[in-house]
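Below: one structure, written as structure tokens.
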Amino acid sequence: MESGRLSSTEQALIRESWQKVSSNLLQHGTILFTRLFDLDPDLLPLFQYTCKQFSSPQECLSSPEFLDHIRKVMLVIDAAVTHLENLSSLEEYLVNLGKKHQAVGVKVDSFSAVGESLMFMLEKCLGTAFSPDVREAWTRLYGAVVKAMSHGWDARKEGK
């Protein structure tokens, strides 16, 4: 992750918009995952806690274990926003996160649906403040995060 990849204007747009979202991470994260399950219902079986298979997205979204997962995902986004000036400081963490996701059966291709779900959540939360410039800034940040996480798949293939 190259530092300085995002312009200062993009960083400001991300920070300003995230400030509004971060006031209720669980609520906004639930919007993100509701949209994700709408876009890719095949992801639901990947979320099993204590060997329990969820019969519906609603059942999954209301389980305490999954709510904890939502919080963790939103905290990763928060960490990326916090480290906008130096995204490379998160590289090792994100590569390891990628390895964990691969280990449970997540495919790199699934991250396009996650990205679309993130944009959906931001648009729902921000309304008209989700301008084309804000969308582009978030798209670039998300792309950098996914690029780093995808190295986790590469590292597993290479036996690292």
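Per DSSP H run of at least 4 residues, take -39500 (n - 2.57); add these up for the chain, divide by its residues and hand me the 222 nm value, nearest 500 deg cm²/dmol. If you can, show how the numbers build up before the last one.
Working: 7 runs with 109 residues, N = 160.
Rounded to the nearest 500, the figure is -22500 deg cm²/dmol.
Sequence-distant contacts, meaning Cα pairs under 8 Å at least 6 residues apart, place the relative contact order of the chain at 39 percent.
Using a 1.4 Å probe, what is the accessible area per residue for the stretch 9-70, in Å²? Don't skip to the end; give the middle numbers.
Numbers: 3310 Å² over 62 residues.
Here the per-residue accessible area is 53 Å².
Surface composition of the stretch 95-160: carbon and sulfur atoms hold 53% of the protein heavy-atom accessible area at a 1.4 Å probe.
Most mobile of L122, L84, L43 per a Gaussian network model of the chain (Cα springs, under 10 Å)? Of L122, L84, L43, the most mobile in the Gaussian network model is L43.
Among the listed pairs K99/K147; K100/K147; K72/K100; K52/K147; K20/K72; K72/K99, a Cα-Cα separation exceeding 20 Å is found for K52/K147. A Förster radius of 35 Å, combined with the Cβ-Cβ distance separating S131 from Q53, puts the computed FRET efficiency at roughly 0.30.
Suppose R0 equals 25 Å. What FRET efficiency, 1/(1 + (r/R0)^6) with r the Cβ-Cβ distance, do Y93 and L39 give to the nearest 0.05?
Numbers: r = 26 Å, r/R0 = 1.04.
E(calc), rounded to 0.05, equals 0.45.
Need one number: convex hull volume per residue for the stretch 1-143, Cα atoms only, in Å³.
Details: hull volume 14.9 nm³, N = 143.
Spelled out: Cα convex hull of the stretch 1-143, divided by residues, is 105 Å³.
The values are calculated or read from the model by the stated rules, or taken from the named source; none is laboratory data. Just so it is clear, the structure is predicted and the values come from calculations on it, not from any experiment. Heads up, the Cβs are rebuilt from the backbone with ideal geometry, glycines too, and the neighbour counts pull from every protein chain shown. To get the accessible areas, we keep the full protein, side chains included, count just its heavy atoms, and leave off ligands, DNA and RNA. Shrake-Rupley method; radii C 1.70, N 1.55, O 1.52, S 1.80 Å.
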